[in-house]
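Structure record follows, encoded as structure tokens.
The values are calculated or read from the model by the stated rules, or taken from the named source; none is laboratory data. As the structure is a prediction and not an experimental result, all values here were calculated from the model. Neighbour counts are summed over all protein chains in view; Cβ atoms, including those assigned to glycine, are modelled from backbone coordinates with ideal geometry. The accessibility values were calculated without ligands, DNA or RNA, using every heavy atom of the protein model including side chains. Shrake-Rupley method; radii C 1.70, N 1.55, O 1.52, S 1.80 Å.
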Amino acid sequence: MQNGTHLAAIDLGSNSFRLEIGRYEFGHIQRVEYLKETVRQGSGLDEEHNLSGEAMQRGWDCLARFSERLANFPRAQVRAVATQTLREARNSNVFLKRGSRVLGHPIDVVSGLEEARLIYQGVSRLLPQSAERRLVVDIGGRSTELILGQQFTAHAVASFHVGSVAWSTRFFTDGQFSVAAFAAAEIAAKAVLDEALETYRPSQWDVAYGSSGTVGAVGDVLAATGQSARDTITRSGLDWLRERLLRVQSADRLRLEGLKDDRRAVIGGGLSVLRAVFDLLDIQEMHVAQGALRQGALYDLLDREQPETDLRTVTVLGLIHSFAIDPLHAERVARTACSLFTQLSTTPPESVLRKLNWASRLHEIGCRISHSDYHRHGAYILENTDAAGFAKHELHRLGSLVLGHRGKVRKLQADLEDATFIWQLMSLRLAVALCHARRDPDLDGLVLSIRGNRFDLAARPGWAAAYPQSAHLLREEALAWQRTPWELEIQLP
């Protein structure tokens, strides 16, 4: 990436939406602009986990304002990441479809573990490098992430369904503070976080850091009121803040130096979760980190730029090993599929070709469960795995390709209007057929082309006679595309 390139990350959190714009210079990203709006989507979920129309509109309005600032940004230089509320919402697709259109860039819903990885990436990039073992805590609106790591590498990540918005709504009704409410909120938070005790116990880390909203807000109050050093949170400081909240009894009456107005409504829930984390993990002191999810998303853009630094490639190799996929055959099918795809497009987008490569390598991932319907097992695995570096929609695309690489094409009815997907799917299905003998196929003189909605596959004279089984499979493949909007014509003289 060239020095001076501008990059942008949007964090669609449960409490706030944030836009971070940075300039790349010699391996580092320097902040250029930061915008934040309190949207409180997390409080817009009803009992059936559907986002209300009002909550969605608040989000769309915010994204429209962000869009104006991002008008001239190429797609490859923007990453929008959505977290727990849009992971939970049953109607999240409604918000995401319109939201991506309003923003002008796709929105990636990431898993809790991927969110944790990006948080650590952001925190570690803005800390001085050292060999210290770090515990990073991020208390968001509806989830809390815990990470153990050293330098730029996260060694353990976890995400829990507990956060400032969720706990404020549940335990501090109408913003009322009481001893009983704090006790109940902290006990409930510990019950959720209890399974973290073994992995994140004090012997596993040297320094504790907190990132993002709740920790930043508490740190600002304690520093502004002289209760602790700047960017430091202590147990005594947490006790003092709890007493101040109990004294005023209501968020509406709460006035504290350093506390922003948009934090008053969720400070009770956030503080109760933070106190629970301190007690459970026996934290004596926590440092307020400057980095967070959005900085992690910015640096992830750099890593995704090149195949050799793309974490998703490493993840795919890990899945190949974990599910005992034949690596030689996986590579063979991937090489063949990508070769066919480049005949359809002489300059295919690198991201499209890379995803076809990953899907090809993983097309037999379901065989570890059962060879019968292994393509369906494989699609299920990819749709439901926590794969580092991947957004949920990317795993869905890989799962759809794996599901569709054999059997009837009509089962993918929802994807048949996506030309890029169809080109990938056609290349993969033909590659699987050509590699059926689990040896390198003879591609000499084999030409794949497309005109409108019709693919044509032609072979040199004598090819079909030399490879009768392959020729049979290709003719069967042409039949599989019947009764779809696409055609495959096979010419085997």
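Each row is one residue, and each column tells you yes or no for (1) under 20 Å from ALA330 (Cβ atoms); (2) open to solvent by 80 Å² or more (accessible area, probe 1.4 Å); (3) charged (D, E, K, R).
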| position | (1), (2), (3) |
| --- | --- |
| GLY404 | yes, no, no |
| ASP415 | no, no, yes |
| ALA419 | no, no, no |
| LEU425 | yes, no, no |
| TRP481 | no, no, no |
| PRO493 | no, yes, no |
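Considering only residues that are crowded, with 17+ Cβ neighbours inside 10 Å and closer than 17 Å to GLU243 by Cβ, which ones fall in the range 176-189?
PHE177, ALA181, PHE182, ALA185, GLU186
Yes or no, residue by residue, for (1) under 28 Å from MET1 (Cβ atoms); (2) acidic (Asp, Glu); (3) at pLDDT 95 or above:
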| site | (1), (2), (3) |
| --- | --- |
| GLN306 | yes, no, no |
| LEU311 | yes, no, no |
| ILE320 | no, no, yes |
| GLU331 | no, yes, yes |
| LEU340 | no, no, yes |
| GLU350 | yes, yes, no |
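In the range 2-11, is there at least one residue being open to solvent by 50 Å² or more (accessible area, probe 1.4 Å) and in a strand (DSSP E or B)?
yes
Under the condition of being farther than 17 Å from GLU489 by Cβ and aliphatic (A, V, I, L, M), which residue from the range 454-471 is most open to solvent (accessible area, probe 1.4 Å)?
The qualifying residue most open to solvent (accessible area, probe 1.4 Å) is ALA465.
Could you please find all residues in the range 203-219 being part of a helix (DSSP H, G or I), in contact (Cβ under 8 Å) with a residue 60 or more places away in the chain and either of a type outside the set (Val, Ile, Thr) or surrounded by fewer than 16 Cβ atoms within 10 Å (Cβ to Cβ) (or both)?
GLN204, SER212, GLY213, GLY216, GLY219
Would you be able to say whether some residue in the range 15-36 is under 20 Å from HIS161 (Cβ atoms) and either modelled with pLDDT under 95 or open to solvent by 10 Å² or more (accessible area, probe 1.4 Å) (or both)?
yes
Here are ARG65, ARG75: which of them is under 18 Å from the mean Cα position of the chain (by Cα) and surrounded by fewer than 20 Cβ atoms within 10 Å (Cβ to Cβ)?
The unique qualifying residue is ARG75.
Exactly one of (1) open to solvent by 40 Å² or more (accessible area, probe 1.4 Å); (2) assigned to a helix (DSSP H, G or I); (3) touching a helix residue (DSSP H, G or I) at 6+ places or on another chain (Cβ under 7 Å); (4) without any contact (Cβ under 8 Å) to a residue 40 or more places away in the chain is unmet by ARG264. Its number?
(4)
Scan the range 311-350 for residues that are surrounded by fewer than 16 Cβ atoms within 10 Å (Cβ to Cβ) and under 28 Å from the mean Cα position of the chain (by Cα) and jot them down.
VAL314, LEU317, GLY318, HIS321, SER322, ALA324, ASP326, PRO327, GLU331, THR347, PRO349, GLU350
Condition first: open to solvent by 20 Å² or more (accessible area, probe 1.4 Å) and either within 23 Å of LEU254 (Cα to Cα) or of a type outside the set (D, E, K, R) (or both). Now tell me which residues in the range 190-202 satisfy that.
Result: ALA191, VAL192, LEU197, THR199, PRO202.
Working only within the range 132-149, note down all residues that are more than 18 Å from the chain's Cα centre (by Cα), open to solvent by 10 Å² or more (accessible area, probe 1.4 Å) and not charged (D, E, K, R).
Matches in the range 132-149: LEU148 only.
Taking the options ARG368, ARG376, name whichever one is at pLDDT below 95, basic (Lys, Arg) and either closer than 25 Å to GLU477 by Cα or out of contact with any Ser or Thr (no Cβ under 8 Å at 6 or more places or on another chain) (or both).
ARG368
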